[in-house]
Amino acid sequence: MHMHPPIPRHLVSALGGFALSAWLLLPAPLSAQSVQDQLPEMGTAAQSTLSIEDEYRIGRMVMRGLRDTGRVLDDPETSQYLQSLGLRLSSLAHEGNRDFNFFIVRDPAINAFALPGGFVGIHSGLLLETTTESELAAVLAHEVSHVTQRHIARGLENQSRASLVSTAATLAAILLGAVAGVGSDVTMGAISAAQSMAVQSQISFTRENEYEADRIGIGLLSSAGFDPNAMAAFFDTMGRRTQLGPDQMPELLRTHPVTSTRIAEARGRAAQYPAPETPRPSLGYALARERVRVLSTPPGVDPRSFYPEVKENPADATTAQVYGHALAQVVAGDPASAIPTLERLRNVNPEVMVFHTLLGQAQLAAGQTKAALQTLERARELAPRNVPVTVRYGEALLQAGRAKRAHEVLLDLFNNVPPSQEQIRLTAIAANAAGDVADAYSYMAEYHIAGGDLPLAINQLELALSVPNISALQRSKFTARLNELREALPKERARAERQPPQRPQPGG
């Protein structure tokens, strides 16, 4: 399992001035109010600077850089859990009806960030540092509040939209270059220029923004049924890390240290909300945590080593630990050993779909293709159009040489559930393997649209139309989509070119 290196600290600093939120700053306690009552009036300044459409475009631009370097953990099971948790919070927020995309970044640093347009990233290191679902929800609630309060747009009140788009393009290029290990003078100069721009324009989140995000975040936690004390609990955990020396200090604390006063303020604010009921331990959270632990294993490390308790005292191991050990066995190349454990977990908890999907994967990896298909077909009957189940079933069908069926199954999901980029790509692979070449090109067009690359999307649709013997319906559909993109492309370019970006000089 390949583990990408942490995002360089200089890159975090450069992006931090623009989009990353250091969320450990606390406001003074407030009187008990509803979440809606705490929201400030949104003036027109933010809207005149940056539209929600522009915010999404910029966020998507940076996301493309992350994806292109393999930093996003594209795991259907983990993604479904995190998206469900995030939407549980964002649906209660002011302007929470916008599209949100929650994702895991392969990075051991304890950090989280919000990008314009509703993209919220959680580092794998932070998720593993949390001990309860409420602590993870506290991080997400804070980041959601940065997005819904449009802190980036409000901080850019005196900047033109064109200069903002230029800045976003520069930062996306920096992200791609730095993570890919391009250490040229031009890249370093761009980083320096971006940092200076952030300082001069006061793009970084202000203390007031952080206070507002914490205040609203705690309200969201309570409204969503989580423990509002979880934010203070996580602060306390982070604060103790500062006593271990600078090398052990979490990334979030380097610029915003947590003090005992701030922890006390968070506790006081949480006390203003009704005492929460004692929550039942979340199995979904525990299972997602073990998936991230195993799937983020550094190269050269055997993930089975994370689970000594399963081997030494299996009766005392939790369900999540047993599951994590089974996943580690599959990842380590010993799927046959995991199958009996996963069959037992599935039979005891048939409603937990991740037990079905991992069992199917283990059986497939062990050469038990027929059994894998039966396992995943049974799961589809229990949970029709469940995303991880359908994706794993499609993968199994492809491996079994049943590409036509894989295309049908994945297309049904594609047409009924908003797909991720990886789902679109898998559907294109299935279509191509089934001989449905024109459809494969059209799916890849949608893949590039989701990534914000309209020229490549246009190219794919032109290829789809060039395939011989396509049906009249296909030709009509492809042509309509192509015309739509050709009409949108000049507008997209005009926004980006309204003010040509200045090339940064080496050394800043």
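The values are calculated or read from the model by the stated rules, or taken from the named source; none is laboratory data. Predicted model only: the values in this text are computed from it and were never measured. Neighbour counts are summed over all protein chains in view; Cβ atoms, including those assigned to glycine, are modelled from backbone coordinates with ideal geometry.
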Test: residue in the range 164-174 that is modelled with pLDDT of 85 or more and either closer than 28 Å to Arg267 by Cα or within 18 Å of the chain's Cα centre (by Cα) (or both): no
Test: residue in the range 37-46 that is assigned by TED's automatic domain parsing to the domain that holds Ala266, under 30 Å from Ser260 (Cα atoms), modelled with pLDDT under 50 and part of a loop (DSSP other than H, G, I, E, B): yes
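For Thr255, indicate whether it is modelled with pLDDT under 85, of a type in the set (S, T, N, Q), part of a helix (DSSP H, G or I) and surrounded by fewer than 18 Cβ atoms within 10 Å (Cβ to Cβ).
Numbers: modelled with pLDDT under 85: yes; of a type in the set (S, T, N, Q): yes; part of a helix (DSSP H, G or I): no; surrounded by fewer than 18 Cβ atoms within 10 Å (Cβ to Cβ): yes.
In short, no.
I'm trying to understand the selection: among the residues of the range 368-386, which are in a helix (DSSP H, G or I) and not aliphatic (A, V, I, L, M)?
Selection gives Thr369, Lys370, Gln374, Thr375, Glu377, Arg378, Arg380, Glu381.
Restricting the range 429-459 to residues that are part of a loop (DSSP other than H, G, I, E, B) and modelled with pLDDT of 95 or more, which is farthest from the chain's Cα centre (by Cα)?
Gly435
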Checklist (1) closer than 20 Å to Val417 by Cβ; (2) crowded, with 23+ Cβ neighbours inside 10 Å applied to Asp107, failing item: (1)
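Checking the condition surrounded by 23 or more Cβ atoms within 10 Å (Cβ to Cβ) and either in the same structural domain as Ser420 (by TED's automatic domain parsing) or in contact with a Ser or Thr (Cβ under 9 Å, 6 or more places away or on another chain) (or both), which residue from Leu126, Leu136 passes?
Within the list Leu126, Leu136, the selection yields Leu136.
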Selection within the range 392-424 - surrounded by 24 or more Cβ atoms within 10 Å (Cβ to Cβ) and within 30 Å of Met61 (Cβ to Cβ): Gly394, Leu410, Gln423
First in the range 360-373 and free of Cβ contacts under 8 Å to residues at least 60 places away in the same chain, second anywhere and outside any helix (DSSP H, G or I), Cβ under 6 Å, 6 or more apart: Thr369/Ala400
